[in-house]
Amino acid sequence: MGSGRERPGGVGAVLVCGSGGAGIQAALDLAESGFRVILAEAGAAIGGRAARSDDTLSGGDCAMCLLSPRLAECARNRNIEIFTLADVLEVSGEPGRFRVRIRHNPRYVDPGKCDGCGNCAAVCPVTLPAAPGEEALKAISRPWPQAIPNIFSISRVAGAAPCRGACPAGVNVPGFLALLGAGRLEAAYTLLRDRCPFPGTSGRICRRPCESACRRGARDGAVAVGDLERFVADAVASAETTLLPAAEGAAGTRARVAVIGGGPAGLVAARDLALTGYRVTLFEAQPLLGGMLRYGVPPFRLPREVLDREIGALLPPGLELRTSTRVDKPAGLLSVHGGAFGAVFLACGAWAGRRLGIPGEGADGVWQAVDYLRVSNSGPPAPIGPGVLVIGESDLALDAARTALRAPGVRRVTLACLHGRGEVPVDAGRLALAAGEGVEVEYGLGPTRVNTLAGRVVSVSFRACTSVFDEHGRYDPLYDDAATRTLGADTVILASGRGVDAAGYALERRPGGRLLADPLTGATGVPGIFAGGDAVLGPASLAEAIAQGRRAAESMDAWLKRNAPIREAAAMGVSGAGPRHPVPMAPDPAPAGLQAGSREVAEARRCLNCGACSECGLCTTACSAGAIDLAQAPSESEIEVGSVIVAPEETGAPGWSELAARIGLDPDAPGVPPESVRTRLPGVYAAVGRGAEIAAAVTRGSAAAACAMEQLASVRGTLARPRSYPWERDVTDEEARIGVFVCRCGHQISPAVDVAEVCRSVAALEGVHCVEALEYSCSDSGLRRMKRRIGEHRLNRLVVASCSSRTYEALFQEVLRESGLNRYLLATANIREECAWVHGGDEAATRKAVDLVAMAAARARHLRPLPPVDLPVTASALVLGGGSSGMTAALSLAGQGFGVHLVERSGALGGGGRRPGPEEGGAGDRADGLIDRVTAHPRITLHLDSELRAVAGQAGDFTCRLNVSGWGRVTLAAGVVIVATGAGGENEALAAKLRVALGEDGGFRPAHPVLRPVDLVNEGQFFCTAAPPSSIQERVLRARAAAARAATILSKPQLEIAGHVASVNPVFCVACGTCVRLCPYGAPFIGEARKAAVQEVKCAGCGSCVASCPRRAITLRREESGTVTAMLGQLLAAGGGY
Amino acid sequence: MSPDRSESRSEGTRTVRPPGWEPEILAFCCSYCASAAAGEAGAVRLRYPAGTRILSTPCTGGIEMEHLLEAFEKGVDGVLVVGCPDGGCHFVEGNQRALRRLERVRAILDEIGLGGGRLRMVQLSDSMAPAFADHMREITETIRAMGPNPLKPARKESAGRS
């Protein structure tokens, strides 16, 4: 082999994109015929969607049971390399030598460390919405328990949760909600406090940009993040847990730094700097810490015990606190200017009330809201009223109005807003709250003058404001001077904004008076002085202040280390800037059944999990292997292959149209002609599945593999690695140590048969050293479990009780070989088809299963290792039928370098002897082209006017006898037989010669209706005729598929066959000759010393001679003579029988 | 087994039929045709009595007479041998040999009074799952009519299962 079309230096590897039925089949065919395969799958596990659906297909198997062992074969094949989470980005180069660029998307779990224990998914609080009929998965999950690879991955769309990006402080809102939704209050609190050191405060006064951004808001109201934050903070505080650290960290030893301003920005900066190791001095002009939180926000909105508690928890030990200390010259604190500090953070806040610029503003009884609140919040209430008019429409105005409402002697508080009703730019709920308390709200009023009497305010004149913003959205109010109004007042409180009183600091300022600082680092124009908070931003939110303090501390640390002031990540705070990813709506969870805080838990569960993984960190803690790695990033690699097979599950499969576009294929019809596996790109083949029709996908996968085999025939075997196994342990003299593995087959065996009872019952049987129930014995994890147990218990016999043994026996035999045991040390029991499926609901089913397993165990005790026999493979095929199917199969195999005997009953190729089917109309030219190519091909030998007379032998070595009309008989050797005859009448005779049974429709029956659609039951025999009506394209597909399947045999120099032959014990043999007369194969002969002997190559292992020998001198080598007796004994033993 | 199990004799027959007795059938199945048919029967969820036990063998031609006799000796109530159709044997004529061999065993069973009817051979192809299930039912009913194998060891009847 290997002398196909010469192509200098091709690559003997094929890339298969997609691991549904088609991709898996293509990969297996190629890997089994001498090619190296790279199987690229976009998902986290191979198998596609079909593998996870439990739809029952024809044949009675569910899709997963069907595909699972094929997937296991892929995983165990040394010539298949699996890339999951892989996107093919680019295919360049030329046929025979493509370069493929692959992006490996992060799994966020280290595959080398994950052992699939599932602890992570157990704790993961995020459940992703599931498609109908599919099981809902956690954000960290594996698609199904037998997934290959059997490791977890995290669904994570970084930046997709808008709430998280909206929070200036960078609180992990989804993580917080997820933890709370799982009822994990303390973990939620810890996560919250990581970014927001004032959760109780923030939960009460935050402007909640997260809620504004919440994608649920547009639907049925945003998740009440703020309320939940407050709830969690209060709950934790009242529980007096150790979570509230009174003092964290130790006194620093690094340079001294000064923080000016004890508001939230200054407090956070001071804490962060102290925790970093700096010796911090905090200056505060007021007697108490808190800044605007204490002197601006009234206590009925923020209870002082909450504020005191949170500030107390924040202050690090060793902090030098200088309250009631005003710093006028911050530069003077710097050591370069003779001070004691290496750097200064200036966060003095914005305490200068903004004037309206109207006459009478300076009159007695006119307050600035900041001043009024500071006075009111510091001591006895300021003397105001009884009629109070608050002008403004901010939180500040609301706070002032509500404070005034509570002041002694005040009888009436009016709030004059510039905006119209419903347009006021404050939280509507808060405005309603104020109104509900008795604040009278007037809308659309622009003040024109404060009217006074004897220097004291008596009223304020307004004009109607008709619009606030111009058409560009800029603040540019328009007034109607004709519509005026006057509101009487004894006290006027102006709340039209706060400015920064920083004139004395000798620092650069913005036009409005705010300090000028680098927006990223907080650095001012004076080296060593950093600024932040309201002093830089103007009136800003608590969350922004926290962020400012944190960033300043980071940059100061960097600066002090003589590094450039650089922030850790430029994207902080804007991570949600990307486009929003649509996610399906999660159903509202039922709040019932939850304990304390059920309302809150239910609310938290309304989170839509926009970004899937919430990064709550629970899995990181739960994973003892340390496999979670959220820092993983996508990577790229480039591989070289000779051919590419794209195998989407269907044209509508996710990601397929993008892939097709990148490669340059038409996503709707990649084949040329449309149904073909060939595409417009030489060397690129398409095996597009048909959704749930796995058999069609399998056929296409094989057909595409055949095309790649033809194309790469010259480099077949150049990159393939032979299978290698450990040395086989000779167990002949060992006592039987049997491992029994009972398969539950998901729910196929398990409920009908009590698997646990089966395990218990067989555990005490002679020789049984290990019994274990497996969810799926044919899955990769199941096979690995067997292998592990074989090693642990030093087992030397394997019993697998699962499904029909012929399907998966090879897989279990592989386990033995990989464990250094002879592969024939396996006994199987079919407790699915022969028990669970036929006796479901009958309580006797379990007893029967016990007996079947016990019989298998008895057989296992008597199994003997068999030396493998290598059967040389005849590298040529016998193709029966010279129509388009037969010619296509012949050309494909000949193109791969194999010899082909094409046998046609009539005198001409092209199906000439038969009626031309209507569907073949127009295919005549094509048939002519085929005939010419077949006739001209040097490796195709034509046998016209010929008919198959008999077939003998086995896969790899068939002896085929032909009758050639008018000429006589011809005997041919062939490694495989491919049936490509069309007519139904022929089938019966042919089937008899091949010794296969026909189906009820008179057509050939596949070895497996779904997984092996072109294989006959007999190994090495294939058929490509399809039940009519079949299109010419379908026949071509099946012909190519049969060729690919045939190549898996023809490409091997030899097949290892069961040495399941008879042998004669000469001691007992009397040379009666019975065996010689009986044997249909002529294997036994009377040899030297007048004793019978068996020619092993001829022996088929039927056992006829064994049963006939009058002296009981013959045994089948696989089993000791007492096997059946032992099995019967096991079956019928008292208590063990039935 | 129910604890109140007691022996009773049904009048008019010689056979002891303990209540709850279900015919115990051993089916030797050729792995080429019968085992495949059994698999197919399961795949399409045909039902047949759960007192049947299947023992796969490469070819019915390899079933020794001793095995058949041994099965009865150890107490099986009936034995069904399922082989390939005529001309369909993968080992050319193993099924024919089995038929001949069974004849001899049946004669022995008749001779010793056990009844040759307890042993039966049927032939079917791997596609004949319904026939397979039918045969399993039929032999069960045949044996039910014949009653338990009198050679069934007495201890078995009292041993019961946990």
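Assuming A:L1050 fulfils every condition listed in (1) within 30 Å of A:R678 (Cβ to Cβ); (2) surrounded by 22 or more Cβ atoms within 10 Å (Cβ to Cβ); (3) of a type in the set (A, V, I, L, M); (4) without any contact (Cβ under 8 Å) to a residue 60 or more places away in the chain apart from one, which condition is it? Only one criterion in (1) within 30 Å of A:R678 (Cβ to Cβ); (2) surrounded by 22 or more Cβ atoms within 10 Å (Cβ to Cβ); (3) of a type in the set (A, V, I, L, M); (4) without any contact (Cβ under 8 Å) to a residue 60 or more places away in the chain is unmet by A:L1050, namely (4). Restricting attention to segment A:947-1002, report how many residues are within 23 Å of B:S125 (Cα to Cα) and either outside the structural domain of A:F898 (by TED's automatic domain parsing) or not hydrophobic (A, V, I, L, M, F, W, C) (or both). The qualifying residues number 16.
Criterion first (over 15 Å from B:Y32 (Cβ atoms), more than 8 Å from every other protein chain (Cβ to nearest Cβ) and either of a type in the set (V, I, T) or surrounded by 24 or more Cβ atoms within 10 Å (Cβ to Cβ) (or both)) does B:V79 satisfy it? Answer is yes for this residue.
Taking segment A:825-871 as the range and being modelled with pLDDT of 90 or more and either on the phi > 0 side of the Ramachandran plot or hydroxyl-bearing (S, T, Y) (or both) as the test, the residues that pass are A:T828, A:T846. If you go through segment B:109-131 one residue at a time, how many are within 14 Å of chain A (Cβ to nearest Cβ) and over 16 Å from the mean Cα position of the chain (by Cα)? Summing the residues that are within 14 Å of chain A (Cβ to nearest Cβ) and over 16 Å from the mean Cα position of the chain (by Cα) in segment B:109-131 gives 6. So in segment A:1102-1113, with the set limited to residues that are buried (at least 22 other Cβ atoms within 10 Å of the Cβ) and either over 15 Å from B:R97 (Cα atoms) or in contact with a Ser or Thr (Cβ under 8 Å, 6 or more places away or on another chain) (or both), which one is nearest to the other protein chains (Cβ to nearest Cβ)? For segment A:1102-1113, the residue satisfying everything is A:G1103.
Scanning segment A:307-343 for residues that are of a type in the set (S, T, Y) and closer than 19 Å to A:K561 by Cα yields one hit, A:S335. The single condition among (1) over 26 Å from A:A1113 (Cα atoms); (2) at the interface with chain A (Cβ under 7 Å from one of its Cβ atoms); (3) free of Cβ contacts under 8 Å to residues at least 60 places away in the same chain that B:G61 does not satisfy is (1).
Quick check: is even one residue across segment A:876-883 outside the structural domain of A:V951 (by TED's automatic domain parsing), buried (at least 24 other Cβ atoms within 10 Å of the Cβ), of a type outside the set (S, T, N, Q) and on the phi < 0 side of the Ramachandran plot? Checked segment A:876-883: no residue is outside the structural domain of A:V951 (by TED's automatic domain parsing), buried (at least 24 other Cβ atoms within 10 Å of the Cβ), of a type outside the set (S, T, N, Q) and on the phi < 0 side of the Ramachandran plot. Within segment B:39-50, which residues are within 14 Å of the chain's Cα centre (by Cα) and within 7 Å of chain A (Cβ to nearest Cβ)? Correct list: B:Y48, B:A50.
None of A:R926, A:R961, A:R1005 is among the basic types (K, R) and at pLDDT below 80 except A:R926. When A:G497, A:G513, A:G473 are checked against the criterion of being at positive phi, touching a strand residue (DSSP E or B) at 6+ places or on another chain (Cβ under 8 Å) and surrounded by fewer than 18 Cβ atoms within 10 Å (Cβ to Cβ), a single residue qualifies: A:G513.
Screening A:V1036 with (1) more than 14 Å from every other protein chain (Cβ to nearest Cβ); (2) closer than 20 Å to A:A704 by Cβ; (3) in contact with an Asp or Glu (Cβ under 7 Å, 6 or more places away or on another chain) gives one miss only, at (3).
Being over 15 Å from A:G387 (Cα atoms), in contact (Cβ under 8 Å) with a residue 24 or more places away in the chain, out of contact with any Ser or Thr (no Cβ under 6 Å at 6 or more places or on another chain) and surrounded by fewer than 18 Cβ atoms within 10 Å (Cβ to Cβ) holds for only one residue in A:G422, A:G455, and it is A:G455. Every condition in (1) within 14 Å of chain B (Cβ to nearest Cβ); (2) surrounded by 21 or more Cβ atoms within 10 Å (Cβ to Cβ); (3) on the phi > 0 side of the Ramachandran plot is met by A:L1016 except one, and the failing one is (3).
Being farther than 19 Å from A:A1041 by Cα and either of a type in the set (K, R) or not in a loop (DSSP other than H, G, I, E, B) (or both) narrows it down to one residue among A:S702, A:S714; which is it? That would be A:S714, the only listed residue that is farther than 19 Å from A:A1041 by Cα and either of a type in the set (K, R) or not in a loop (DSSP other than H, G, I, E, B) (or both). Just one of the numbered conditions (1) over 30 Å from A:D668 (Cα atoms); (2) surrounded by fewer than 18 Cβ atoms within 10 Å (Cβ to Cβ); (3) not assigned by TED's automatic domain parsing to the domain that holds A:R847 is not true of A:G691: (1).
In segment A:831-846, what residues are buried (at least 24 other Cβ atoms within 10 Å of the Cβ) and of a type outside the set (D, E)? Matches in segment A:831-846: A:I831, A:R832, A:C835, A:A836, A:W837, A:V838, A:H839. Of all residues in segment A:645-662, those being surrounded by 18 or more Cβ atoms within 10 Å (Cβ to Cβ) and closer than 19 Å to A:L85 by Cβ number 7. B:V92 satisfies every condition listed in (1) β-branched (V, I, T); (2) within 9 Å of chain A (Cβ to nearest Cβ); (3) within 17 Å of B:G147 (Cβ to Cβ) except (3).
Let's see how each residue does on (1) closer than 20 Å to A:P1006 by Cβ; (2) at pLDDT below 90:
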site	(1), (2)
A:Q1033	yes, yes
A:R1038	yes, no
A:A1041	yes, no
A:V1094	no, yes
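Of the strands (runs of 3 or more DSSP E) lying entirely inside segment A:1026-1136, the ones with 1 or more residues being aromatic (F, W, Y) are found at A:1084-1086.
Answer yes if at least one residue in segment A:100-113 is over 30 Å from A:G664 (Cα atoms), buried (at least 17 other Cβ atoms within 10 Å of the Cβ) and small (G, A, S), and no otherwise. No - not one qualifying residue is present in segment A:100-113. Of the numbered criteria (1) aliphatic (A, V, I, L, M); (2) farther than 22 Å from A:V1124 by Cα; (3) more than 13 Å from every other protein chain (Cβ to nearest Cβ); (4) in contact with a Lys or Arg (Cβ under 8 Å, 6 or more places away or on another chain), the one A:V838 fails is (3).
The values are calculated or read from the model by the stated rules, or taken from the named source; none is laboratory data. Source: prediction; values computed, not measured. Glycine gets a Cβ as well: all are built from the backbone with ideal geometry, and neighbour counts include every protein chain shown.
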